[in-house]
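Following: one structure in C-alpha cells, then a few remarks.
The values are calculated or read from the model by the stated rules, or taken from the named source; none is laboratory data. Remember, predicted model here, so these are calculated numbers, not experimental data. For neighbour counting, all protein chains shown are included, and Cβ atoms are generated from backbone atoms with ideal geometry for every residue, glycine included. For accessibility, only protein heavy atoms count, side chains too; no ligands or nucleic acids. Shrake-Rupley method; radii C 1.70, N 1.55, O 1.52, S 1.80 Å.
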Amino acid sequence: MTIFEAYNHIKQKLKAAGIEDSVFEAKVIIKHITGLSNSEILTAYTKELTEYEQNNLTAILRQREIRYPLQYILGEWDFYKYRFKVGVGVLIPRSDTEILVEKCCEYLENKPSPKILDLCAGSGCIGISLALDFPDSAVVMVEKYPEALRYIEQNIEFCGAYNSLGIKGDVCDGTACEQTYDLIVSNPPYIPPNEMAITSPETKFEPETALLGGQDGLDFYRAIINNYKNSLKDGGMLAFEVGINEAERVKSLLTDSGFVKITITKDLNQIERVVTAIKG
C-alpha cells in the first residue's frame, strides 16, 4: 500500500465511521505513521508503507472506528501556537478554547510581569500557552484530579514553561485564592447532565469530571466568582469559556457580583463562547 493509497483508505474508513473531518484526520494520521511533513508526503506519495507503518495504521483505524479520540491515540495535540501531551484522564484541548487564550493575551499585552491563575486547568494548555506567550509572567494552574495534574507537570517540561506551576486543589474550596492576580482564567466543566447524550461519541471517553457542570451547567462559574473575586487585583480580568446558551447567564452572575466591562465573544462557529469581565 502506497502513502496515497493509505490516505484514501483512511478517509473512506473514517467517513464510514461517521467522522465528519475525515480529510483532516487522514492527513494527521499519515503524518503520524510515516513521520513525514506535508511537503515530504507530496513528493513521496508513491512510497510503499513499511509493514510496521501498515500495522500501526490498522491499530489506529480500529480505535477510531469505535470513536476513541484521535488525540488520545497520538498522545499529543496542537493547541493555539503549541503542542501538548494529552491522554486518558484529561480534557482534550479544543480549537474553540483558543479564543479564550486570545482574549487573555489582548488583556495582558501591556501588563508588566503579570500574575495569572488558571482554574480547572486540565492539561494546562491555557495556562502554559499564556506562560509561553508572556515569559515575564508567573502562572499558577489549579487542578483537582491527579491524572490531569500529571499532564500539567509533563507539559510544563515538554513546552519549557518554567514560569508556570501546577498545584492540586479544588476551586470549590478556593485553592490558591490567598494571592492576588492580574488575570484569572478558566475553562471549567459546563455541560448539564441532560446534554451529555448529544455530545460527540468521542466525549464519552473523556473524564465526566471535566465535562459536567451541575444541573444547569453553572456550578463552577458560581464557585469561581464567589471564591476568587477577592483574588483579582482591582482592574484585573476574569475570563471564562462557556457552553452553548450559557453566555448571558454567566454575564448575569458577573453583573450581580459587581464586575464591569463584561464582554461576550463568539467562536468560529458563531457560538457565544467566551465571557470576560473586569473587577471594578
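Details
- Test: residue in region 59-69 that is open to solvent by 40 Å² or more (accessible area, probe 1.4 Å), at pLDDT 95 or above and polar (S, T, N, Q): yes
- Considering Ile156, Ile128, the condition of being touching a Cys at 6+ places or on another chain (Cβ under 7 Å), of a type in the set (A, V, I, L, M) and either part of a strand (DSSP E or B) or at pLDDT 95 or above (or both) is satisfied by Ile128 alone.
- The one condition in (1) in a helix (DSSP H, G or I); (2) in contact with a strand residue (DSSP E or B) (Cβ under 8 Å, 6 or more places away or on another chain); (3) open to solvent by 50 Å² or more (accessible area, probe 1.4 Å) that Asp234 fails to fulfil: (1)
- Residues of region 133-148 that are open to solvent by 60 Å² or more (accessible area, probe 1.4 Å) and either in contact with a Pro (Cβ under 9 Å, 6 or more places away or on another chain) or under 17 Å from Pro93 (Cα atoms) (or both): Asp136, Tyr145, Glu147.
- Any hit, region 132-140, residues being under 11 Å from the mean Cα position of the chain (by Cα) and in a strand (DSSP E or B): no
- Filter result for Ile19 (in a helix (DSSP H, G or I), open to solvent by less than 60 Å² (accessible area, probe 1.4 Å) and aliphatic (A, V, I, L, M)): no
- Filter pass, Lys204 being within 18 Å of the chain's Cα centre (by Cα), assigned to a helix (DSSP H, G or I) and basic (Lys, Arg): yes
- Hey, Ile224 open to solvent by less than 10 Å² (accessible area, probe 1.4 Å) and assigned to a helix (DSSP H, G or I) or not: yes
- Taken as a whole, the condition of being surrounded by fewer than 20 Cβ atoms within 10 Å (Cβ to Cβ), without any contact (Cβ under 8 Å) to a residue 40 or more places away in the chain, more than 17 Å from Leu91 (Cβ to Cβ) and of a type outside the set (D, E, K, R) applies to Gly160.
- Restricting Tyr221, Tyr190, Tyr162 to residues that are farther than 30 Å from Ala17 by Cα, hydroxyl-bearing (Ser, Thr, Tyr) and within 18 Å of the chain's Cα centre (by Cα) narrows the list to Tyr221.
- Scanning region 242-257 for residues that are open to solvent by 10 Å² or more (accessible area, probe 1.4 Å) and either assigned to a helix (DSSP H, G or I) or modelled with pLDDT of 95 or more (or both) yields a total of 8.
- For region 117-130, the count of residues that are among the β-branched types (Val, Ile, Thr), in contact with a Leu (Cβ under 8 Å, 6 or more places away or on another chain) and more than 18 Å from Gly160 (Cα to Cα) is zero.
- Of everything in region 1-60 that is β-branched (Val, Ile, Thr) and touching a residue at least 40 places away in the same chain (Cβ under 8 Å), the residue that is nearest to Thr199 (Cα to Cα) is Ile19.
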